[in-house]
Amino acid sequence: MNVPPSMFVQATTLADALQAQLRLPNARFIAGGTTTIPDQNLGRFQPEGYISLRRIPCLKRIEETADGLFIGAGCTMAELLTNPLLESQPMIRLAARTTGTRQMRSRSTVGGNLFTTRTDRTLPPCLLALEAVAHLVSNSGESRRDLGETMSAHRKRGREPEILVGVTVSRVRGFQDLMRIAPRNGGGSAIACVALCIDPRHKSVRLGLGGAGTRAMRALQAEQFAEKAIDWAGNSLDAATAVAFGEIAADHANPPVDAMGSAAYRRHAIKVMARRILEEAFG
């Protein structure tokens, strides 16, 4: 990628990056570039510059906090697989392991996976199911917001430029797993995926969907249905509840259509995977 020096800023602090955005309002933040550069090469957009976040140390942090596990937006998928603090988050590790090739995982970042235009990433549905909280910074200061709201607002015009610093994931004392369907086994693009977290203590069900819309989403109606239908006292689930859970999740999806699959195929896949993963959760 040959970029004139006037169009490339190598930021070393968040303040540097935000100031650069004021000078180059149509420039794009970039870290790994595993989606941005291919999209540009395909002519999907032509940014007027790049602001690199790759050398900002605070974006690479992974640490335990009072609220849970903080994961920096600049952490790569490879780092999620090797950092010992992620041993308590098996679903995140599974999502990282199914992201592309080894070379891709060494470049692909948490922030890039969350704010990509692609619908085939498995990390966003997992973080939504884990009810991750987004940490953001702008010229107005720092803020924390629900990750789902942050992803929804990301492409709205007129918003003040913000940088995702990282996400905090709470500790889940229960079942968590990810299912995906892809053109081939192993790492790579997912046609559709479902991520499920169940917390028996709080009688909560959280289902994240990938490939079900223009971005990752929560299946709120399916969650509410399951929370009422599950026999929490007996820790059991009947077959009809699992089937209805999958149907509700699929009915509220609005899948995209592309070369990997039709909307009908993705909706069917979500229905089947949501049923199976709920059955798996209850043995």
Q. Among the residues of segment 44-55, how many are in a loop (DSSP other than H, G, I, E, B), within 21 Å of the chain's Cα centre (by Cα) and over 16 Å from Thr116 (Cβ atoms)?
A. 1
Q. Filtering segment 56-84 down to residues that are among the small types (Gly, Ala, Ser) and outside any helix (DSSP H, G or I), which residue is surrounded by the fewest Cβ atoms within 10 Å (Cβ to Cβ)?
A. Ala66
**Q.** Qualifying positions in segment 210-259 - among the aliphatic types (A, V, I, L, M), part of a loop (DSSP other than H, G, I, E, B) and either over 27 Å from Thr150 (Cα atoms) or free of Cβ contacts under 8 Å to residues at least 40 places away in the same chain (or both)
**A.** Ile230, Ala233, Leu237, Val257, Ala259
(Q) Being closer than 30 Å to Thr12 by Cβ and buried (at least 19 other Cβ atoms within 10 Å of the Cβ) narrows it down to one residue among Gly208, Gly166; which is it? (A) Gly166
Q) Condition test on Ala78, is it under 12 Å from the mean Cα position of the chain (by Cα), more than 30 Å from Asn26 (Cβ to Cβ) and not assigned by TED's automatic domain parsing to the domain that holds Ala195? A) no
Q) Which condition does Arg107 not pass, out of (1) free of Cβ contacts under 8 Å to residues at least 12 places away in the same chain; (2) of a type outside the set (Phe, Trp, Tyr); (3) not in a helix (DSSP H, G or I), if it passes all the others? A) (1)
Q: Select from segment 21-49 the residues that are touching a Leu at 6+ places or on another chain (Cβ under 9 Å), crowded, with 19+ Cβ neighbours inside 10 Å and farther than 20 Å from Ser106 by Cα and list them in ascending order.
A: Gly49
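Let's see how each residue does on (1) small (Gly, Ala, Ser); (2) surrounded by fewer than 24 Cβ atoms within 10 Å (Cβ to Cβ); (3) assigned to a helix (DSSP H, G or I):
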site	(1), (2), (3)
Glu142	no, yes, no
Arg145	no, yes, no
Ser189	yes, yes, no
Ala195	yes, no, no
Arg201	no, yes, no
Q) Which residue out of Glu227, Glu223, Glu280 is closer than 27 Å to Pro183 by Cβ, at pLDDT 95 or above and not small (Gly, Ala, Ser)? A) Glu280
(Q) Please count how many residues of segment 13-43 are more than 22 Å from the chain's Cα centre (by Cα) and on the phi > 0 side of the Ramachandran plot. (A) 1
(Q) Please go through (1) in contact with a helix residue (DSSP H, G or I) (Cβ under 8 Å, 6 or more places away or on another chain); (2) among the aliphatic types (A, V, I, L, M); (3) surrounded by fewer than 14 Cβ atoms within 10 Å (Cβ to Cβ) for Ala153 and return the number of the only condition it doesn't satisfy. (A) (1)
Q: Scan segment 64-107 for residues that are closer than 26 Å to Arg184 by Cα and among the acidic types (Asp, Glu) and jot them down.
A: Glu79
Q.
Checking the conditions here, which among Leu136, Leu94, Leu123 is within 27 Å of Ala219 (Cβ to Cβ), buried (at least 16 other Cβ atoms within 10 Å of the Cβ), aliphatic (A, V, I, L, M) and more than 14 Å from the chain's Cα centre (by Cα)?
A. Leu136
Q: Identify, by number, the condition in (1) touching a Lys or Arg at 6+ places or on another chain (Cβ under 6 Å); (2) more than 20 Å from Leu130 (Cα to Cα) that Gly72 doesn't meet.
A: (2)
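The values are calculated or read from the model by the stated rules, or taken from the named source; none is laboratory data. Being a predicted model, the structure only gives us computed values, none of them experimental. Backbone-built Cβ (ideal geometry, glycine too); neighbour counts: all protein chains shown.
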